[in-house]
Amino acid sequence: MEKTLDIVVAGHICLDIFPAFPASMTGDINKIFSAGQLTIIDKAVLSTGGAVSNTGLSLVKLGCRVELMAKVSGDLFGREIKAILSRHTAGLSGIKTIRSESSSYTIVIALPGVDRIFLHNPGTNNTFGYKDINFNSVKKARLLHLGYPTLLRKLYLNGGSELLKIFKKTKSLGVVTSLDITVPDPASEAGKVNWKKILIKILPYTDVFLPSIEEALYIFNRRRYYEIKNAAGSRDPVDYFTLKDLTGVADKMLGYGVKIAVIKCGHRGYYLKTAPAPVIKKLPINMREWAGKEIWVPCFRVKKVVSATGAGDASIAGFLSALVKGFPALRAAKCATAAGAQNVTRMDALSGIKDWKTIITMALSKKAGIKYFKIKDKNWFFNKKERVWVSKEGQQPPFIL
C-alpha cells in the first residue's frame, strides 16, 4: 500500500497564552507576583501548544505530509485552537470537537532570566484515547508520533492499557511508532502513576523514544532525578547531569525494546543511541547507517534566545523529518539541533521554524557556531569534521551527511 502520509501526530493539544514581560522586568519573581500588586506587562501572544501542535505544525513547515489527531471543545479556546491550526495545515480531519467538555489551555509565565512557569488545564486531553485515533489514516502513514501521554489521563489509567492498545494496533498496521513524554506534576494523579511500569509494557512496541534527560531520569532513575533537581536549586538541572546518566537511561530504553533512543539535553545538545541491529520497516532509510550508533551532538549557538517554549518538540520535528526522508542518523540528530535553535529565536513554539532547506543548510554548515563541550572519557572522541562526540562503541562508519 502506497503511503500517502508521512506522519500522524496524535495526543496532547492546548491553547498557550504568553503574557509578554518587558526585558527590564527581571529579578525576584516574588516581587513581581505579590498579593495585591498591579503589574503592567506587554500584549499577550496566543498560540497552540502541546505535541500535536508544536511537533505537528513544525513537521508541516518542514515539508512533511502530516495529519493531526487530538480533541478540543466547541468553546472559545477550542475555536481559536482550530483557527490557528487551519492557518498552517488542512490536515485537521483528525481534530475532534467535543461539546460537553472544555478545551485545554496553558498560561506560560516566561520572565526574563527566570525558568518558565506553566499553569495548565488539561481539559479535553483527559479523555483522549484509542477511539480518538483514526487508524485508517494511521495505516496510510509511515510513522505515528504520540506526544505527552503523561498529560492524557485516559492513556495512563489502568496501567496504561489504552496507550498499549494504541501502540499494538499501530505496529500491527506496519507503521513506525514514536513517543514523547513530559515530567508530570508529582502532586497530580499522573505524578502518582508508576510510569516505569507502564513504559516497560509500551517500549517493546516503540521504535523511537525521545524524552529529555530530566524525563528519562524521572522514569528510569527517580533517585538520581531528585539528586540533580536538589543540586540545581533554581538553576537549570540540565547543567548537572553526567555522561553516565545519559548512557544509563539510554541502555535501559534499548533494553526494553526501543530501536532508536533519543535524549534531548537542552542547551547541552542531542544524544542518540541505536540498537545494534534495529529493524524498522516502512522507512526509506539504510539500516546500516542507523545500526549501533552512539553520538552526542552539540547545540548551535543562537544570538538571542527569546523563549525555549516548544524547543524540544521542534527538535523532534527536525529529527523525525530527517528519519522519514531517509537520512542517516548523524544528519537526523543535526537536523534536530538546527530545528531547536531556530525555535528559541521566537516567543511561541512555531514561528521560529523556517523550512526544510534552512534546516539542512544549518545542519551542514561548517561556519555556524556550536556550543562546544568536553567529554573526559577515553571511550569517546570528538569528530572535528562533523563537530560531534562519538563513542568508540558507536563510531563505526558510515558517517554520512
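Positive-end ranking of LEU59, PHE118, GLY36 along the dipole of the chain, with charges on Cβ about the Cα centre, is headed by LEU59.
Separation of region 309-351 and region 54-81, taken as the distance between their Cα centroids, equals 17 angstrom.
Do any trypsin sites (Lys or Arg not before Pro) in region 337-380 lie in a loop, going by DSSP, with at most 11 other beta-carbon atoms within 10 Å of their beta carbon, and if so which? Spell out each step's value before the answer.
Working: sites: ARG346, LYS354, LYS357, LYS366, LYS367, LYS371, LYS374, LYS376, LYS378; in loops: ARG346, LYS354, LYS366, LYS367, LYS371, LYS374, LYS376, LYS378.
Those that pass, being in a loop and sparsely packed, are LYS366, LYS367, LYS374, LYS376, LYS378.
Comparing VAL249, ASN286, THR274 along the charge dipole axis of region 235-343, the residue lying farthest to the positive side is ASN286, per the Cβ-charge model. Note on region 64-169: dipole from Cβ charges, positive end direction compared against ILE107, THR127, LEU143; the farthest Cα belongs to LEU143. Entry note, the chain: relative contact order of 14 percent, from Cα contacts under 8 Å with a spacing of 6+ residues. The order of the peptides 268-277, 159-168, 229-238 by mean Cβ neighbours within 10 Å, most packed first, is 268-277, 159-168, 229-238. Region 7-28 and region 198-258 have Cα centres lying 24 Å from one another.
Comparing mean-square fluctuations of LEU143, LEU246, LEU38 from a GNM of the chain with C-alpha springs under 10 Å, the top value falls on LEU38.
What value does region 319-401 have for Rg/Rh, both radii from Cα atoms and Rh as Kirkwood defines it? Write down the numbers at each step before the final one.
Working: Rg = 13.9 Å, Rh = 14.0 Å.
Rg/Rh: 1.00.
Taking the chain as a Gaussian network, Cα atoms linked when under 10 Å apart, which of ASP42, ASP16, ASP355 shows the biggest mean-square fluctuation? Its mean-square fluctuation being the largest, the pick is ASP42. Using the average count of surrounding beta-carbon atoms within 10 Å as a protection proxy, the listed peptides 172-178, 214-220, 51-57 rank, highest first, as 51-57, 214-220, 172-178.
Among the listed values [x] 0.98; [y] 0.94; [z] 1.04, the one matching Rg/Rh (Cα atoms, Kirkwood Rh) as calculated from this structure is [y].
The charge dipole of the chain, taken about its Cα centre with unit charges on the Cβ of Lys, Arg, Asp and Glu (plus for the first two, minus for the last two), comes to roughly 1180 debye.
Dipole magnitude for region 150-300: about 580 debye, using +1 per Lys or Arg Cβ and -1 per Asp or Glu Cβ, origin at the Cα centre.
Across PRO112, PRO22, PRO298, mean-square fluctuation computed from a Gaussian network of the chain (C-alpha pairs under 10 Å connected) peaks at PRO22.
Every number in this text was worked out from the coordinates using simple rules, so none of it is lab data. The model shown is predicted, which means the values in this text are computed figures rather than measured ones. Don't worry about glycine lacking a Cβ; one is built from the backbone with ideal geometry, like all the others, and counts go over all protein chains shown.
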